[in-house]
Structure formats: C-alpha cells, structure tokens
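Engineer: Dropping the structure in here first, questions after.
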Amino acid sequence: MGFDQDSAKAVAALPVVGAQFCDFQAVNLTLSSAGVFSCGKYTVRDEKQNDVFAVDGNCGCGRQRRVMDSSGKVLLVLHKEAFSFQNKWKAYLDEDKLLFTAKKPCFRLKFCVDVYLGENTTPDFKLTGCCFTGKYSLRRTDTGELIAKARYIWKLASIARCHSYSIEIEPGVDSLFVVSMFLVMNEIYLDKPAAGGGGG
C-alpha cells in the first residue's frame with residue numbers, strides 16, 4: 001500500500017499524525033499481534049498482504065511501542081504511563097511533541113477508550129466496542145462521525161493472545177492514527193492474561 005502524499009494533502013479530512021497517511025479512498029488494513037511472547041510486536045498489512053506499518057515493543061521497559069513504516073523508520077512512539085489506573089497511553093512524534101493521549105474513562109464499566117489531542121482536556125475521539133462480539137468503532141466526539149471500524153479475527157492462535165483485527169478506515173482519515181488507536185485498545189483491554197479468551 002502506498003500513500004500519495006500530494007493527493008492526500010488535497011483531500012485529507014482528518015490528518016492527526018500527518019496528511020501523508022490519509023488516502024482519498026477507504027483503506028482496509030489488518031493489524032496483528034505476535035502473541036504472548038511477542039514483547040509488543042505487531043504487523044500491519046494491506047489487502048495485498050504488503051507491509052504498511054510495523055510495531056516494536058522491545059523498548060522503554062516494555063512500556064513503549066514504536067510504530068514504524070515498512071522500511072523500519074520510526075513514525076510514532078506510544079508510551080504507557082507507569083502506575084496509571086486508567087491505562088493511559090501517550091503518543092509522541094518526537095520526545096517533545098505530544099500528539100494525543102488515550103485512556104480508559106474513570107468509573108466506566110463499558111468498553112471505551114477516550115482520545116485527547118495535544119493538551120486538550122475533553123475527548124476528541126471515542127473508541128467503543130464489545131469483546132464478545134469483536135466489533136469496535138472509532139468516532140469523533142464533536143459530530144459522532146464514524147472514522148474507522150474494526151472486527152476481531154477469531155482464530156485458534158487467539159488462545160496465545162495472537163490478536164488480529166480487520167480495520168476499515170474512512171476516506172481522508174489518518175491511517176497511522178487509526179492503527180495506533182486500535183493497537184492501544186488491544187494493549188489496554190485484551191493483551192493481558194486477565195482479559196482471557198482473546199476477543200472476549
């Protein structure tokens with residue numbers, strides 16, 4: 001999958017990380033974790049099984065996930081705050097530029113991740129879903145507009161926490177941001193022994 005940077009800049013409706021990650025057409029990607037012994041590694045492939053992004057978790061004492069392009073260039077760093085009751089993750093373009101914060105809302109039992117751009121104090125996006133149905137959606141909070149949805153891919157490897165998701169991204173939406181959000185969702189809710197049963 002290749003991103004046409006010039007075309008993307010003209011049509012980008014929601015370039016959170018960058019317009020170069022926005023496509024004028026809907027994008028379908030598959031996000032897969034490597035399992036219980038993966039140390040936070042993920043792969044992201046397009047419909048033709050081409051590598052689009054890769055994630056390395058062998059950094060930051062296990063609390064960091066570095067999202068890279070297919071050549072290995074680091075694009076985004078996700079960092080989990082230590083001792084956070086809300087499983088708070090922060091995304092940085094570099095060490096000094098906070099891009100967004102994602103966390104579970106306090107005292108909410110339903111499956112939900114709130115996303116705050118920059119230093120905002122109210123959520124800009126909300127990721128909701130259900131582990132039992134394996135269906136998830138990411139929406140803007142100001143308009144309720146759906147920007148991406150994901151479906152958990154059930155397979156035997158799920159018992160070893162090899163989680164996979166089929167992700168559908170709306171036209172003009174930042175694919176790197178969307179992939180990062182479903183990755184964080186998996187880290188918060190599913191990729192831990194206590195979650196049990198893969199997608200539910």
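Engineer: Taking region 68-113 as the region of interest, how many residues are at pLDDT 80 or above, at negative phi and among the polar types (S, T, N, Q)?
Structural biologist: Count: 3.
Engineer: Condition first: modelled with pLDDT under 95 and over 8 Å from the mean Cα position of the chain (by Cα). Now tell me which residues in region 174-185 satisfy that.
Structural biologist: none
Engineer: To continue, here is another question. Check every one of the strands (runs of 3 or more DSSP E) wholly within region 99-153 and list those with 1 or more residues that are open to solvent by 30 Å² or more (accessible area, probe 1.4 Å) and within 20 Å of Ser164 (Cβ to Cβ).
Structural biologist: Filter on region 99-153 gives 125-130, 135-140, 146-152.
Engineer: Return a yes/no flag: does region 40-52 have any residue that is open to solvent by 20 Å² or more (accessible area, probe 1.4 Å) and either touching a Pro at 6+ places or on another chain (Cβ under 9 Å) or at pLDDT below 90 (or both).
Structural biologist: Scanning region 40-52 turns up at least one residue that is open to solvent by 20 Å² or more (accessible area, probe 1.4 Å) and either touching a Pro at 6+ places or on another chain (Cβ under 9 Å) or at pLDDT below 90 (or both).
Engineer: Counting only residues that are of a type in the set (Lys, Arg) and within 16 Å of the chain's Cα centre (by Cα), how many does region 94-137 have? Quick ask: steps written out before the conclusion?
Structural biologist: Narrowing region 94-137 to residues of a type in the set (Lys, Arg): 97, 103-104, 108, 110, 126, 135.
Narrowing further to those that are within 16 Å of the chain's Cα centre (by Cα): 103-104, 126, 135.
Number satisfying all stated conditions: 4.
The values are calculated or read from the model by the stated rules, or taken from the named source; none is laboratory data. None of these values were measured; they are calculated from a predicted model. Cβ atoms come from the backbone with ideal geometry, glycine included; neighbour counts cover every protein chain shown. In case anyone asks, the SASA skips ligands and DNA or RNA and just uses the protein heavy atoms, side chains included. Shrake-Rupley method; radii C 1.70, N 1.55, O 1.52, S 1.80 Å.
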